[in-house]
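The values are calculated or read from the model by the stated rules, or taken from the named source; none is laboratory data. Quantities reported herein were computed from a predicted structural model and do not represent experimental measurements. Virtual Cβ from ideal backbone geometry, glycine too; neighbours counted across all protein chains shown.
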């Protein structure tokens, strides 16, 4: 039996992680959400090996409480942590195109708090349990937009705050990997590709932004066909 913690599990990629992992009844999957009452897709799974816990990755105290609850079930152990929770505000601006300096700073800090600091808070909260686990694996979701070579080659100029915060995740993962390599840990940052979830842009500007993203992806991957369904 393996134990998993998945953050940002209420919908999208996080929900799919929970769905796939809990399909094996021998696994115990802890789904971290900000609000249980609104996680309707998650509750609809109705699987006894899914335990839903409330926590916010921007609030270290709530994550520590969640870790305590996990510990009660697993006997102080955890095999896998999947840092999936993330956000983007889709401002549609380039790094020098925000209407005000304040708007730029707010967007940068807002993305960084969730996407980067949130990964650190989550990892630190569950690290004591992971040390007692068998697998000792931590997966954090990064993005192709965080890759400097891809950014230049694809000429993606939008989503600066999201891209910068995701690039920082890559260094966060490297720091943990360097520190805990000797203890048998594996820390990995992955890019899930462009997946059709609620994080993709919506509203009047969605068509143009999606067109920009798909055209940019095609510059580095000519066979790119568009977002995958989640």
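Descriptive notes on the structure:
- Which listed residue is under 22 Å from the mean Cα position of the chain (by Cα), over 30 Å from residue 152 (Cβ atoms) and either part of a helix (DSSP H, G or I) or modelled with pLDDT under 95 (or both), from 17, 30: 17
- Filter pass, residue 52 being touching a residue at least 60 places away in the same chain (Cβ under 8 Å), touching a strand residue (DSSP E or B) at 6+ places or on another chain (Cβ under 7 Å) and closer than 15 Å to residue 69 by Cβ: no
- Of all residues in region 55-71 being farther than 18 Å from residue 4 by Cβ and in contact (Cβ under 8 Å) with a residue 40 or more places away in the chain, the one that is surrounded by the fewest Cβ atoms within 10 Å (Cβ to Cβ): 59
- Taken over region 80-105, the criterion of being part of a helix (DSSP H, G or I) and surrounded by 15 or more Cβ atoms within 10 Å (Cβ to Cβ) is satisfied by 104 alone.
- Checked against the criterion of being surrounded by 18 or more Cβ atoms within 10 Å (Cβ to Cβ) and either without any contact (Cβ under 8 Å) to a residue 24 or more places away in the chain or more than 18 Å from the chain's Cα centre (by Cα) (or both), the candidates 168, 163 yield just one match: 163.
- Screening 134, 152, 157 for residues that are at pLDDT below 95 and part of a loop (DSSP other than H, G, I, E, B) leaves exactly one candidate, 157.
- Failed item in (1) more than 13 Å from residue 81 (Cα to Cα); (2) within 14 Å of the chain's Cα centre (by Cα); (3) at pLDDT 95 or above, with residue 68 passing the rest: (2)
- Test: residue in region 34-50 that is within 17 Å of the chain's Cα centre (by Cα), within 30 Å of residue 104 (Cα to Cα) and buried (at least 23 other Cβ atoms within 10 Å of the Cβ): no
- Verdict on residue 108 being more than 25 Å from residue 131 (Cβ to Cβ), touching a helix residue (DSSP H, G or I) at 6+ places or on another chain (Cβ under 6 Å), surrounded by fewer than 19 Cβ atoms within 10 Å (Cβ to Cβ) and at pLDDT 95 or above: yes
- Residue 119 vs. criteria surrounded by fewer than 20 Cβ atoms within 10 Å (Cβ to Cβ), at pLDDT 95 or above, in contact with a strand residue (DSSP E or B) (Cβ under 7 Å, 6 or more places away or on another chain) and not in a loop (DSSP other than H, G, I, E, B): no
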